[in-house]
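The values are calculated or read from the model by the stated rules, or taken from the named source; none is laboratory data. The structure displayed is predicted, hence computed values, not measured ones. Positions of Cβ are generated from backbone atoms using ideal geometry, with glycine treated the same way; all protein chains shown enter the neighbour counts. With ligands, DNA and RNA removed, areas are computed over all heavy atoms of the protein, side chains included. Shrake-Rupley method; radii C 1.70, N 1.55, O 1.52, S 1.80 Å.
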Amino acid sequence: MLKDITIGQFFPGNSAIHKLDPRTKILFTLLYIVFLFLIRNYISLILLSAFVFLMILTARIPLSTVGKSIRPLTVILIFTAVLQLFTNREGDPLWRPFPEKDLMITSDGVAAAVFLVIRILALVVSSSLLTYTTSPTVLTDAIEKLLSPLRLFHIKVQALAMMMTIAIRFIPTLVEETQIIMNAQRARGARFEQGSVRERLHALVSVFVPLFVSAFRRAAELAVAMESRCYTDGSSRTRLREMRFSLRDAAALLISLCLFGGAVYLSFFPPVSSILFNKVI
């Protein structure tokens, strides 16, 4: 499952999404997350989910890759759904697993569980779309540009943006390193899928120790590489390609805001046709 994690990976392309200014994509992602948590019914959720799905198709990102980014969250999604099923007691009772106890699954509980799972999936996919279509270097420059007003408060924006991007960039590297270490330990007789919970945790110690050693070694090598290239925090830097906010970016943000605003409007002021999509929150 570790090798299926695609967070932080960049897929080069020439699609309309790839060509957008990285600041536009960051703002889009932030706005999408905010509006995703403002909506309150299924018709708005389906609208936002369909929109991000359309963005994935436009960016020509393989659906199998998107599925890999969701697969590691299976346990979290199942736990969240079960929690909603048994904690939401509004609506018509559907099933009582223990008739003698006050524990049941209701129609509103099922609706809330499905709603929350779809919301989490849309959140993960929209966030992954940003890293899929933006290289780490460009993402660093975009974050630095967006956070530049913080320099008035003597905050080291450049160092902050660099740390955030390095953290995102090294997620796939650390995942790959973890898989290599686990395979090496399996060859030495370690069993990560067998035995009691205590035995499995004890086996994982043989993975965490070399993983931390490798991570610190990579950090030291990266620091040496940056120093050898005369990297200085806070100094003015030139860029091969300067970012420019074009009319295409303004149109993309305007269309996104109209769509997000429409989804929120349908959530709080649903039309008559939305009776089929009852409010679940």
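Tabulated values for the structure
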item	result
Accessible area of CYS230 in the full protein assembly, 1.4 Å probe (Å², nearest 10)	110
Summed side-chain charge close to LEU150 - residues other than LEU150 whose Cβ falls under 11 Å, Lys, Arg +1, Asp, Glu -1	+1
Rh (Kirkwood; distinct C-alpha pairs) - the chain, Å	22.2
In Hz, Karplus ³J(HN,Hα) per residue of region 149-164 (6.51, -1.76, 1.60; θ = phi - 60°; x = Gly, Pro)	x, 5, 5, 4, 9, 6, 9, 6, 5, 4, 5, 5, 5, 5, 5, 5
The chain, accessible surface, carbon-and-sulfur percent (1.4 angstrom probe)	68
Proximal charge balance of TYR132 [Cβ under 11 Å; K/R count +1, D/E count -1]	+2
For LEU247, solvent-accessible area (1.4 Å; no DNA, RNA or ligand), Å²	150
For the chain, calculated [θ]222 nm from helices alone, where every DSSP H run of n ≥ 4 adds -39500 (n - 2.57)	-21500 deg cm²/dmol
Built amide H within the under 5 Å cut-off of THR106, gap 5+	LEU94
15 Å beta-carbon shell around ALA16, net charge (K/R +1, D/E -1)	+2
Accessible area, probe 1.4 Å, largest first, for residues VAL213, VAL175	VAL213, VAL175
Where GLU177, GLU242 fall by accessible area, highest first, once all protein chains stay in place (1.4 Å)	GLU242, GLU177
Residue-normalised accessible area of region 14-136, given per residue in Å² at a 1.4 Å probe	49
For the chain, built as a Gaussian network whose Cα springs stay under 10 Å, the top-fluctuating residue of GLN194, GLN84, GLN185	GLN194
Amide H partners (placed H, <5 Å) of ALA190, local residues excluded	none
Long-range lysine pairs (8 or more apart or interchain), the chain, Cα under 25 Å	7
Student exercise, region 111-210 dipole from Lys, Arg, Asp, Glu Cβ charges, in Debye to nearest 20	180
Solvent exposure, largest accessible area first (probe 1.4 Å, DNA, RNA and ligands not counted), of PHE51, PHE260, PHE216	PHE216, PHE51, PHE260
